[in-house]
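In what follows, a single structure is set out as structure tokens and then discussed.
The values are calculated or read from the model by the stated rules, or taken from the named source; none is laboratory data. Everything quoted here is computed from the prediction, not taken from an experiment. Using ideal geometry, Cβ is built from the backbone for each residue, glycine included, and neighbour counts are taken over all protein chains shown.
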Amino acid sequence: ARRVLSRLKDVPAVTRDGGRIGLQANMELPNEVGAVLDSGAEGIGLLRSEFLFMNRDDVPSEDEQYGILKDVIERMGGRTVTVRTFDAGGDKLAPALGCTIGPNPSLGLRAIRLGLARQDLLEAQLAAILRAAWHGPVRILIPMIATVGELRATREVMNRVIRRLRKAGMPLPDPLPPLGAMIEIPGAALSADAIAWHADFFAIGTNDLVQYTLAIDRADEAVAHLYNPLHPAVLRLIQFTTQAAHRANIPVSVCGEMAGDPRYAPLLLGLGLRELSMTTSNLPVVKNRIRSLNLVAAEGLGRTIMEQTDSGKIGQLLDNFEGR
Ligand code: PEP
Ligand code: MG
């Protein structure tokens, strides 16, 4: 079976009725580039940049970050790299950031909240990404966006950085990298139509979206059995976000673990998604599942599932769906 899956590397992720699905890779460390390319991923849909801050007592400089990102981008050979700004703080605490753990880390000063509170850190990272973007196609992704205001404030910081780099004579790509929002907070999903006017693309983070929608700590074993991506509330948020992106004519992908599970592929396609980003090791099985599906049938399944109120029934419908 491994050999069959590895032969899938060079075939496109296309449904039986010709629907083209984009499959990208999630990446946590720069040394994964080889595995990403081997998996047949069309690009990196989520480069978690936290590694730059881990296991050290100081903050990486703009130049250091630039060097590492440039290397990844060059090795990706013209495939798009979606760099997410640091989702540190909270429990993903890097001592370098000098922040304290609040009473509830997952609801605390982390990700873009920390970036906007510590604009020196955000500016250095945006500068590094913008400079690295000269070496290949890059998208900039902002984690934990809750409001339109946060995205607008981030764009102002980015514009300030761009002016500074231009003044210093740094070569920047034209067009500049798109600026996208992670949709992983229920409030952001419910206002996705408003956020879409200010975002160049969306990436739906189902790991956190499930956690915050159902109030289930994603790392707590005691409630792991209640962590359910098929809860109708989660599916409605994914569907609303996807439709808002379509109406605003911006790309939308799913980059949470849900995208890397072949079980959910027909449902995500049925909800209107055409771009999935996942752990590279899952990419071949998801592609295999997509190639067994009929897109029109998946959309029918999506409509049926969205009429359901019971996640057990939704799971059954999904598992009984053959794909034709
Ligand atoms: C997510 O929340 O779904 C996501 C992709 O980001 P992370 O797992 O890094 O929080
Ligand atoms: Mg997340």
* Asked: Counting only residues that are within 16 Å of ligand 2 (Cβ to nearest atom) and in contact with a strand residue (DSSP E or B) (Cβ under 6 Å, 6 or more places away or on another chain), how many does the range 155-186 have?
  -> 4
* Residue by residue through the range 226-265, note down the ones that are within 14 Å of the chain's Cα centre (by Cα) and part of a helix (DSSP H, G or I). => Ile238, Thr241, Thr242, Glu257, Met258, Ala259, Gly260
* To do: Report yes if Gly136 is at pLDDT 95 or above and out of contact with any helix residue (DSSP H, G or I) (no Cβ under 8 Å at 6 or more places or on another chain), otherwise no.
  => no
* Asked: Within the range 174-204, which residues are of a type in the set (A, V, I, L, M, F, W, C) and more than 13 Å from ligand 1 (Cβ to nearest atom)?
  -> Leu176, Leu179, Leu190, Ala192, Ala194, Ile195, Ala196, Trp197, Ala199, Phe201
* Qualifying position, being part of a loop (DSSP other than H, G, I, E, B) and among the aliphatic types (A, V, I, L, M), among Leu269, Leu273, Leu317, Leu283 -> Leu273
* **Index of the failed condition, Asn207 passing every other in (1) crowded, with 19+ Cβ neighbours inside 10 Å; (2) assigned to a helix (DSSP H, G or I); (3) within 16 Å of ligand 1 (Cβ to nearest atom)** => (1)
* Residue selected from the range 207-217 under the condition more than 9 Å from ligand 2 (Cβ to nearest atom) and touching a helix residue (DSSP H, G or I) at 6+ places or on another chain (Cβ under 8 Å), by the criterion nearest to Met258 (Cα to Cα) -> Val210
* To do: Within the range 264-286, identify whether any single residue is touching a helix residue (DSSP H, G or I) at 6+ places or on another chain (Cβ under 8 Å), of a type in the set (D, E, K, R) and surrounded by fewer than 21 Cβ atoms within 10 Å (Cβ to Cβ), and answer yes or no.
  => no
* Asked: Does the range 243-250 contain any residue that is under 17 Å from Ala25 (Cβ atoms), away from ligand 1 (no atom under 11 Å from the Cβ) and surrounded by 17 or more Cβ atoms within 10 Å (Cβ to Cβ)?
  -> no
* Which members of the range 1-51 meet the condition of being over 30 Å from Val296 (Cα atoms) and assigned to a loop (DSSP other than H, G, I, E, B)? -> Glu28, Leu29
* To do: Would you mind telling me which numbered condition in (1) touching a His at 6+ places or on another chain (Cβ under 7 Å); (2) within 16 Å of ligand 1 (Cβ to nearest atom) Arg152 fails?
  => (2)
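Let's see how each residue does on (1) within 16 Å of ligand 2 (Cβ to nearest atom); (2) farther than 30 Å from Leu214 by Cβ:
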position	(1), (2)
Asp63	no, yes
Tyr66	no, yes
Lys70	no, yes
Arg75	no, yes
Ala117	no, no
Met144	yes, no
* Tell me which residues, restricted to the range 52-81, are within 16 Å of ligand 1 (Cβ to nearest atom), closer than 13 Å to Leu97 by Cα and outside any helix (DSSP H, G or I). => Met54
